[in-house]
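Below is one structure, written out as structure tokens; comments come after it.
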Amino acid sequence: MTTIQSLNLQHLNAQYAQELKEVAQQVIDSGWYLLGNRVATFEQQLATYLEVPHVVGVANGLDALRLIFRGYIALGVMQQGDEVIVPANTFIATILAITQAGLVPVFAEPSEETHNLDLTTLSQYITSRTRAICVVHLYGRCCWGEQLQQLTTQYNLKVVEDNAQALGATYTLSGGVTKRCGALGDAAGISFYPAKNLGALGDAGAVITNDAALADVVRALGNYGSKQKYHNLYEGYNSRMDELQAALLSVKLKYLDRENQIRAELAHNYAQNLSHPEVILPQIGVDGELVWHQYVVRTARRDELQGHLAKCGVETLIHYPIPPHKQQCYPQYNHLHLPVAEMLAQQVLSLPISPLLTSVQQGQVIEAVNGFV
Ligand SMILES: *Cc1c(COP(=O)(O)O)cnc(C)c1O
């Protein structure tokens, strides 16, 4: 029996092998590997795709977020010790970016239905130290709404989007204007980790913003804190996207919408055919607002279901089994009790939703889930 994998990166990238090899060859032959035209070109292409003025290529998604927070501190918009409201059921990197910038994460409960920040209860977390809300578009589902905009205006807060998982998703604002995730808030961090919807062949990330001053500081921070060689304005980092990854990403960006479309079709097919009474399916939501980075079901018997699926040859993953506030690296937060986030960590299971999943394979997954006893 061959196992149905969550995502096979070899097969995924083999689709574009010819083009990827061509541009890789060009970079190798050019002798220019950092701070060059290919990064500038990819930044421009992504800016056009997202309809935003500023894109800064960085080394990875964690750095993108960390540089945004460090940038706001350098600009005097935030100070060490200020609070950032953040969903408690996110990947650890969101929290690392906040604490490593010297800011304090305030863990907020997600909604059971969307797994995203519960916007209806958000105001309870606001204090005099709150400076920002970090929304995470988890599993590729856009997290946005009127309540969020209202709060940020009322309390003068920045919205930082963790858009590692929802590149390509859109949201239509009340005025009728449609924007892409990453272009909704004040700044966004993107990850091009190989398994993301737009994956590099290594690590890469980007900062997105409509704020020229922030873009300028972030670019300097990622380059040793310097705008002019050997003149250091900030205690910076070495966090740059390299030319090879930029060239590869320019190729793959062309296919992002098509792959997201396939993911959406797979999600609709799951929604129509999964029918186990104990397995709760993700809401399908508004077209375009989800790019289905993961298809996450939940059940009280999660570990049993995962074991059953493994026996049926279906690989599944858990995003994420331990919430950040319960991690060993954050003893100061271990006492916190966030019942919804903790329940989700016990119950979520990600089914395969690779753009390469065939209908036969998806049928096998559906049959295996429906046959769980
Ligand atoms: C992947 C991911 C990150 C971090 O991105 P890296 O490029 O792996 O550093 C941050 N937040 C979320 C929600 C992610 O899924």
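The values are calculated or read from the model by the stated rules, or taken from the named source; none is laboratory data. Since this is a predicted model, take the numbers as computed values, not measurements. Cβ atoms come from the backbone with ideal geometry, glycine included; neighbour counts cover every protein chain shown. What goes into the accessible areas is simple: the full protein's heavy atoms, side chains included, and nothing from ligands, DNA or RNA. Shrake-Rupley method; radii C 1.70, N 1.55, O 1.52, S 1.80 Å.
In the range 80-97, the residues that are at positive phi reach residues that are open to solvent by less than 30 Å² (accessible area, probe 1.4 Å) and not acidic (Asp, Glu) with C-beta atoms within less than 9 angstrom, at least six apart or across chains, in these pairs: GLY81/GLY102; GLY81/LEU103.
A quick yes/no check of all residues on (1) within 15 Å of the ligand (Cβ to nearest atom); (2) in contact with a Cys (Cβ under 8 Å, 6 or more places away or on another chain):
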residue	(1), (2)
LEU34	no, no
GLN45	no, no
ALA64	yes, no
PHE69	yes, no
GLN79	no, no
VAL84	yes, yes
ASN89	yes, no
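Checked against (1) in contact with a His (Cβ under 9 Å, 6 or more places away or on another chain); (2) open to solvent by 70 Å² or more (accessible area, probe 1.4 Å), VAL360 meets all criteria but (1). Looking at this structure, is ALA206 within 16 Å of the ligand (Cβ to nearest atom), touching a residue at least 24 places away in the same chain (Cβ under 8 Å) and either in a loop (DSSP other than H, G, I, E, B) or surrounded by 18 or more Cβ atoms within 10 Å (Cβ to Cβ) (or both)? In short, yes. Kindly indicate whether any position in the range 250-267 is assigned to a loop (DSSP other than H, G, I, E, B), open to solvent by less than 60 Å² (accessible area, probe 1.4 Å) and under 30 Å from GLN347 (Cβ atoms). Within the range 250-267, not a single residue is assigned to a loop (DSSP other than H, G, I, E, B), open to solvent by less than 60 Å² (accessible area, probe 1.4 Å) and under 30 Å from GLN347 (Cβ atoms). Looking across the range 177-200, the residues that are within 14 Å of the ligand (Cβ to nearest atom) and of a type outside the set (A, V, I, L, M) come down to CYS181, GLY182, GLY189, SER191, PHE192, TYR193, PRO194, LYS196, ASN197, GLY199.
Among residues of the range 36-95 being in a loop (DSSP other than H, G, I, E, B) and of a type in the set (S, T, N, Q), the one that is farthest from GLY236 (Cα to Cα) is ASN89.
Please specify each residue of the range 266-294 satisfying the condition of being more than 17 Å from THR114 (Cβ to Cβ) and free of Cβ contacts under 8 Å to residues at least 60 places away in the same chain. Listed by number, the residues that qualify are HIS268, GLN272, PRO277. Touching a helix residue (DSSP H, G or I) at 6+ places or on another chain (Cβ under 8 Å), open to solvent by 10 Å² or more (accessible area, probe 1.4 Å) and basic (Lys, Arg): does that describe ARG70? Against the criterion (touching a helix residue (DSSP H, G or I) at 6+ places or on another chain (Cβ under 8 Å), open to solvent by 10 Å² or more (accessible area, probe 1.4 Å) and basic (Lys, Arg)), ARG70 qualifies.
Residue check: is ARG263 within 16 Å of the ligand (Cβ to nearest atom) and touching a residue at least 12 places away in the same chain (Cβ under 8 Å)? For ARG263, the condition - within 16 Å of the ligand (Cβ to nearest atom) and touching a residue at least 12 places away in the same chain (Cβ under 8 Å) - is met.
If you go through the range 302-333 and keep only what is farther than 18 Å from GLN361 by Cα and open to solvent by 60 Å² or more (accessible area, probe 1.4 Å), you end up with ASP303, GLU304, PRO321, ILE322, LYS326, GLN328, CYS329, PRO331, GLN332. The set of residues in the range 1-35 being of a type in the set (A, V, I, L, M) and either modelled with pLDDT under 95 or not in a helix (DSSP H, G or I) (or both) consists of MET1, ILE4, LEU7, LEU34, LEU35.
Any residue that is of a type in the set (A, V, I, L, M, F, W, C), outside any helix (DSSP H, G or I) and open to solvent by 30 Å² or more (accessible area, probe 1.4 Å) - is there at least one of those in the range 221-236? Yes; the residues of the range 221-236 include at least one that is of a type in the set (A, V, I, L, M, F, W, C), outside any helix (DSSP H, G or I) and open to solvent by 30 Å² or more (accessible area, probe 1.4 Å). Tallying residues that are farther than 15 Å from ASP186 by Cβ, assigned to a helix (DSSP H, G or I) and open to solvent by 30 Å² or more (accessible area, probe 1.4 Å) within the range 96-155 yields 12. Could you please find all residues in the range 102-131 being of a type in the set (S, T, N, Q) and within 24 Å of TRP292 (Cα to Cα)? Hits for the range 102-131 are SER111, THR114, ASN116, THR120. GLY222 meets each of the listed conditions (1) farther than 30 Å from ASN156 by Cβ; (2) within 16 Å of the ligand (Cβ to nearest atom); (3) in contact with a strand residue (DSSP E or B) (Cβ under 7 Å, 6 or more places away or on another chain) apart from (1). Taken over the range 320-351, the criterion of being part of a helix (DSSP H, G or I) and either over 16 Å from TYR139 (Cβ atoms) or among the acidic types (Asp, Glu) (or both) is satisfied by PRO324, HIS325, LYS326, PRO331, GLN332, TYR333, PRO339, GLU342, MET343, GLN346. Only one entry in THR94, THR99 is modelled with pLDDT of 95 or more, within 19 Å of PRO323 (Cα to Cα), hydroxyl-bearing (Ser, Thr, Tyr) and in contact with a helix residue (DSSP H, G or I) (Cβ under 9 Å, 6 or more places away or on another chain), namely THR94.
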